[in-house]
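The values are calculated or read from the model by the stated rules, or taken from the named source; none is laboratory data. Since the structure is predicted, the reported quantities are computational estimates derived from the model, not experimental observations. Neighbour counts run over all protein chains shown; Cβ positions are idealised from the backbone, glycine included. Surface areas here come from the heavy atoms of the whole protein model, side chains and all, with no ligands, DNA or RNA. Shrake-Rupley method; radii C 1.70, N 1.55, O 1.52, S 1.80 Å.
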Amino acid sequence: MTMFDDYISCRLCPRKCGVNRYETTGYCGMSAELKAAKASLHQWEEPCISCENGAGTVFFSGCSLRCVYCQNSEISNNGYGMAVTAEKLGEIFLQLQDRGAENIELVTATHFLPHIISALDRVKSQLKIPVVYNCGGYELRETIKRLDGYIDVYLPDIKYFSADISRKYSSAPDYFQQATDAVTEMIEQVGKLKYDDKGKLLKGTIIRHLVLPNCRHDSMRILDWIAENTSSDSRLVSIMSQYTPFDFISSDYPELKRRITKMEYNSVVRYAENLGIKGFTQDITSAREEYLPHFDLEGII
Ligand code: SF4
């Protein structure tokens, strides 16, 4: 097995656990063995990501954020998945390309960064499609710097503005500072939005934001930051309505036990429009479960 120094005293993300992942696991719940839960063509991303054939999405197990309402809890909090070597991961990327994937989309991958870089070193020259980095935004700027030259499109969340909310739901009071530093680095790295002649995004950044119950004013502060600190030719914003109140959510958070209302969602969308922010919205009346993948090790075994 290839040994990666980063895992010996892991400080890949803002948790900076400092643990030896060859002996134990950190906050993300993952050891030095990469685990993934699915590699498939995924239709439910933004139109310029999914395009005609679907994104070539690889879902990684574990997560350094572990939100109490996580929409992918089976893999992020419960660690469902199967061990994959860096060599095999490179082969999975090439298989997705052969199946017609529009891109390679890495979902929540930072806690496996050494594996990701090793896999891309092996196959990037054979990939004719963009590499998309889909993450929760809670990233160290210096870790994102190490992805320079490997990633074409960044797809980060900015989830919270308020430290009280990010502490309450993700035990991360420094979330906004870390996420905005990381997004600034991402935008600097990949530059202006660039599309192919079919409208597929080849370069650039899409900032995602999931509107949470009772949090629309927090959403608006995030949009203020985006409007004031990023340039419209370098980023799009995707405002998501698909928040799903799963049964596992603790009764400590009664406010999270409902979907968002039309009023909440539409007020955030209108606010973005008034700021001149361009991007994507979702139909709040459509079924949200269809956006949520079923994890079954497809493409991994
Ligand atoms: S990647 Fe995991 S082990 Fe490493 S610092 Fe982050 S949470 Fe801790």
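Taking the chain as a Gaussian network of alpha-carbon nodes connected by springs under 10 Å, the highest mean-square fluctuation of the residues Ser267, Ser73, Ser170 belongs to Ser267. Among Leu127, Leu147, the sequence by solvent-accessible area, most first, with a 1.4 Å probe is Leu127, Leu147.
Of Asp196, Asp252, the order by accessible heavy-atom surface (1.4 Å probe, DNA, RNA and ligands excluded), from most exposed downward, is Asp252, Asp196. Residue pairs exceeding 18 angstrom between C-alpha atoms, taken from Lys124/Lys203; Lys200/Lys278; Lys38/Lys200: Lys38/Lys200. Under the convention that each Lys and Arg Cβ holds +1 and each Asp and Glu Cβ holds -1, the size of the dipole of segment 33-291 around its Cα centre is about 140 debye.
Expressed as a whole percent, the accessible surface of the chain that belongs to carbon and sulfur atoms is 48, based on a 1.4 Å probe.
Taking the inverse of the mean reciprocal distance over all distinct Cα pairs, the Kirkwood hydrodynamic radius of segment 33-291 comes to 18.6 Å. Among the trypsin sites (Lys or Arg not before Pro) in segment 177-251, those placed in a DSSP loop whose Cβ has at most 13 other Cβ atoms within 10 Å are Lys192, Lys198. For Leu236, the residues 5 or more places off, or on other chains, whose built amide H falls under 5 Å of its own are Thr205, Ile206, Ile207. Give me the distance between the Cα centres of segment 99-129 and segment 220-278, rounded to whole Å. Computed from Cα coordinates, the inter-centre distance equals 29 Å.
Relative contact order for the chain: 17 percent, from Cα pairs under 8 Å spaced at least 6 residues apart, divided by residue count.
Each of Thr184, Leu65, Leu140 was scored by the projection of its Cα onto the charge dipole of segment 33-291, and the greatest displacement toward the positive side belongs to Leu65; charges sit on the C-beta of Lys, Arg, Asp and Glu. Entry comment: accessible area of the chain is 42 Å² per residue, from protein heavy atoms only and a probe of 1.4 Å. Taking each DSSP H run with n ≥ 4 as -39500 (n - 2.57) and averaging over every residue of the chain yields -8500 deg cm²/dmol at 222 nm.
In segment 33-291, the DSSP beta bridges split such that about 30 percent are antiparallel, to the nearest 5.
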